[in-house]
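In what follows, a single structure is set out as structure tokens and then discussed.
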Amino acid sequence: MKNKHFSPEYKAINPMSQVPAIVDGRFKLFESHAILIYLCSAFPGVASHWYPGDLFKRSKIHSVLDWHHSNLRRGTVGLVFNSIIGPQNGFPSNAQAAKEGEKLLVKSLAKLENFWLKDGRFLVGSLQPSIADISLVCEIMQLELLLEKDHERILSPYKKVVQWIEDTKKATAPHFDEVHDILFRAQKRFRERMATESVKNELKSKL
């Protein structure tokens with residue numbers, strides 16, 4: 001939020017000026033999926049279910065991660081940025097872009113419900129979570145920034161998705177809540193602002 005990702009120091013790590021990025025010794029790496037794969041491969045203490053050695057299981061995880069970037073991510077970011085994050089940080093609101101983002105998001109949630117979660121508790125039929133589950137769940141968690149009624153309207157029709165989120169939270173406790181603490185604090189702040197603005201707009205319309 002302070003634009004430090006545009007600094008020369010950060011650009012030396014990631015010339016794209018995006019987050020996340022890591023530095024491990026002299027090795028620099030950016031892009032979240034690549035980082036997750038590297039962490040699982042570089043440190044022998046990581047449990048194998050996060051990124052299995054089996055070629056077929058690993059390829060299925062790659063399939064989900066590639067799908068994520070072109071579908072779920074575009075939908076979530078399109079909705080949340082254009083309706084919440086952007087306007088709260090001085091960018092003009094874009095109702096049409098938010099609408100298009102929600103449309104893609106709903107389509108992606110349906111794919112999660114009916115395809116990616118059709119064979120098991122976690123993605124691609126796994127009995128334990130993988131890096132794909134972490135990446136996609138964290139994407140969906142951004143919807144916590146929406147007003148509660150909008151959050152429920154979008155997510156509640158997808159029972160498998162809602163259960164999968166809860167299962168992933170439990171499987172990664174207590175770390176899940178720790179890493180999302182800043183999101184929960186932002187949620188409270190954004191919802192309070194939006195509630196205040198909603199009351200003001202309602203009063204203006206009556207006047």
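The values are calculated or read from the model by the stated rules, or taken from the named source; none is laboratory data. Only a predicted model underlies this, so the values are computations on that prediction, with no experimental measurement involved. The protein model used for the area step is the full one, side chains on, heavy atoms only, and it has no ligands, DNA or RNA in it. Shrake-Rupley method; radii C 1.70, N 1.55, O 1.52, S 1.80 Å.
In the chain, the longest principal axis of the Cα atoms and the axis of helix 159-172 are about 60 degrees apart.
Quick check: the angle from helix 55-70's long axis to the longest principal axis of the chain, C-alpha only, nearest 10 degrees? With both axes taken from Cα atoms, the answer is about 20 degrees. Only helical runs count toward this figure. For the chain, summing -39,500 (n - 2.57) over DSSP H runs of n ≥ 4 and dividing by all residues gives -18000 deg cm²/dmol at 222 nm.
Only protein atoms count toward the accessible area here, which uses a 1.4 Å probe; on the chain, the carbon and sulfur part of that area reaches 57 percent.
Over the range 1-100, accessible surface divided per residue gives 65 Å², non-protein components excluded, 1.4 Å probe.
Under conditions of 20 °C and 1.002 mPa s, the range 55-188 yields 140 µm² s⁻¹ as its translational diffusion coefficient, taking Rh as the Kirkwood radius over Cα pairs in the Stokes-Einstein equation. Helix 181-206 axis versus longest C-alpha principal axis of the chain: approximately 20°, rounded to the nearest ten.
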